[in-house]
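Structure first, then comments.
The values are calculated or read from the model by the stated rules, or taken from the named source; none is laboratory data. None of these values were measured; they are calculated from a predicted model. Every residue, glycine as well, gets a Cβ built from its backbone with ideal geometry; the counts of neighbours run over all protein chains shown. Side chains are part of the model used for accessible areas, which takes the heavy atoms of the whole protein and leaves out ligands, DNA and RNA. Shrake-Rupley method; radii C 1.70, N 1.55, O 1.52, S 1.80 Å.
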Amino acid sequence: MSAKGRACSIANALGVVGERWSLLVLREVMLGVRRFDQIARNTGASRDILTARLRKLVEAGVLEKRQYEQRPPRCEYLPTEAGRALQPILLGLMAWGDRYVTTGPPPTIWEHSCGAELHPEIVCAHCGEPLGQGESHIIRLGAAP
């Protein structure tokens, strides 16, 4: 069996964001936390791990590093278009955790711009119908090794 595995966009995406600290960094950035010390405090990541994850997310084009102070030089991290596109994924992961992992009420609740509590749902872009189990099938599958 090849070490590469099946050609797959999920595997490609996980190569960029598929690590605990990367996802927690993205959570913080989506919550509006932009500075290294704040991200470190809110994620619990060590400084060396956080530095490596932030560097990788910047290199992958998910975050933008922007200097906000000259002396001493300090930077903040902002989501790029690619980073903002991950918000529905993070919200879906949060909803899954709320339902299947977290005991008690959800620790974080988002509100939609309409004023209602946000509950993300995947819908078909063509017909607008929600995606239910067994209502889709593969029409092209990445090649296996």
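Structure above, values below:
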| item | result |
| --- | --- |
| Subset of the stretch 100-120 (residues that are surrounded by 11 or more Cβ atoms within 10 Å (Cβ to Cβ) and of a type in the set (A, V, I, L, M, F, W, C)) | I109, W110, L118 |
| Unmet criterion (only one of (1) at pLDDT 95 or above; (2) within 30 Å of I122 (Cβ to Cβ); (3) open to solvent by 50 Å² or more (accessible area, probe 1.4 Å)) for D37 | (2) |
| Test for G142: is it over 23 Å from M30 (Cβ atoms), at pLDDT below 90 and surrounded by fewer than 10 Cβ atoms within 10 Å (Cβ to Cβ) | no |
| The stretch 1-34 - residue that is free of Cβ contacts under 8 Å to residues at least 12 places away in the same chain, more than 20 Å from C75 (Cβ to Cβ) and not in a helix (DSSP H, G or I) and, of those, least open to solvent (accessible area, probe 1.4 Å) | G18 |
| All positions within the stretch 65-89 that are over 28 Å from I122 (Cα atoms) and open to solvent by 50 Å² or more (accessible area, probe 1.4 Å) | K65, R66, Q67, Y68, E69, Q70, R71, P72, P73, R74 |
